[in-house]
Each structure stands twice: as C-alpha cells, then as structure tokens.
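Structure record follows, encoded as structure tokens.
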Amino acid sequence: QVRLVESGGGLVQAGESLRLSCAASIGFVAISAMGWYRQAPGKERELVAQITIGGSGSTTYADSVKGRFTISRDDVKPMVYLQMNSLKPDDTAVYYCHLDPKTGWAQLSRYWGQGTQVIVSS
C-alpha cells in the first residue's frame, strides 16, 4: 500500500553536495511525517532529518548535519528531499527514506525505502 523510492545517492568528494529525493506512493494513506535516516557500516541507523507533512512543516535535524543539510517536501506528489551540502567522509552511509502515516491510516506505523548509498571521499 505504501511504497517509497529513493534516488540521488552517489560518490562525491568532501565539500561537495548531493540532493536525495524520495517519492511516495501512498494510496489513501494520510501522512504525518517523512524524513531520512542513515546507517553507516557497523553502526546503528540514525535520524538525519524529518519534516511534518501538511501544516507548518516543522523540521528536526541531527546535530551532526545542522547547517549543512536541508530537508524539504512536496505535499502534493508527495515527495521529500534532502539537500546535503559540505559533505564529509563521516556522512558516508546508506540513506533511508521513511514515512510515518497518521494514526489509524495504515497497517504499519513507519514505512521504509530501500536505501540509497552515499559515499564521500576525503
């Protein structure tokens, strides 16, 4: 019922930028929030950024990406984007898009995309 497809990952050098996109197919599901997590080798998955869908679109960022990454949304499509600037080797990870339905609208409380690899070389 809910499907997420990420794109935009790749290999870049430190200091460069990438823009990730996540397209959601949601049927008749109402969305509470969408965002991005990442998982580096040997580490746990961690929140990168999240934005609420509809309304003011409040955002949350990991401290490690504040001032460098910007999350944005398109409520109509719906899609979420992650503009990543001043990339560092520590940003290397698989980036996963997530979608949180509004309570009672879907079977699961969170859906995940398949992930897109970001590699930042020094």
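Here Gln83 clears all of (1) out of contact with any strand residue (DSSP E or B) (no Cβ under 6 Å at 6 or more places or on another chain); (2) open to solvent by 40 Å² or more (accessible area, probe 1.4 Å) except the condition numbered (1). What about Asp100, is it within 21 Å of Gly54 (Cα to Cα) and without any contact (Cβ under 8 Å) to a residue 12 or more places away in the chain? So Asp100 does not fit the description; no. Within region 16-31, work out how many residues are over 14 Å from Trp112 (Cβ atoms) and open to solvent by 50 Å² or more (accessible area, probe 1.4 Å). Number of matching residues: 5. Could you go through region 61-70 and let me know if any residue there is at pLDDT 95 or above, more than 21 Å from Gly9 (Cα to Cα) and open to solvent by 20 Å² or more (accessible area, probe 1.4 Å). Yes, some residue in region 61-70 is at pLDDT 95 or above, more than 21 Å from Gly9 (Cα to Cα) and open to solvent by 20 Å² or more (accessible area, probe 1.4 Å).
Taking the criterion of being touching a Cys at 6+ places or on another chain (Cβ under 6 Å), of a type outside the set (D, E, K, R) and either in a strand (DSSP E or B) or farther than 20 Å from Ser122 by Cα (or both), would at least one residue in region 16-23 satisfy it? Looking for residues that are touching a Cys at 6+ places or on another chain (Cβ under 6 Å), of a type outside the set (D, E, K, R) and either in a strand (DSSP E or B) or farther than 20 Å from Ser122 by Cα (or both), one finds at least one in region 16-23, hence yes. Applying the set (1) part of a loop (DSSP other than H, G, I, E, B); (2) open to solvent by 60 Å² or more (accessible area, probe 1.4 Å); (3) in contact (Cβ under 8 Å) with a residue 12 or more places away in the chain to Leu11 leaves exactly one unmet item: (1). For Tyr95, are the conditions met, namely being in contact with a Leu (Cβ under 8 Å, 6 or more places away or on another chain), part of a strand (DSSP E or B), open to solvent by 30 Å² or more (accessible area, probe 1.4 Å) and of a type in the set (Phe, Trp, Tyr)? So Tyr95 fails the test. Total residues in region 102-122 satisfying the condition of being modelled with pLDDT of 95 or more and open to solvent by less than 60 Å² (accessible area, probe 1.4 Å): the figure is 7.
The values are calculated or read from the model by the stated rules, or taken from the named source; none is laboratory data. These numbers were taken from a predicted model, which means no experiment stands behind them. Quick reminder, even Gly has a Cβ in these numbers, built from the backbone with ideal geometry, and neighbours come from all protein chains shown. To get the accessible areas, we keep the full protein, side chains included, count just its heavy atoms, and leave off ligands, DNA and RNA. Shrake-Rupley method; radii C 1.70, N 1.55, O 1.52, S 1.80 Å.
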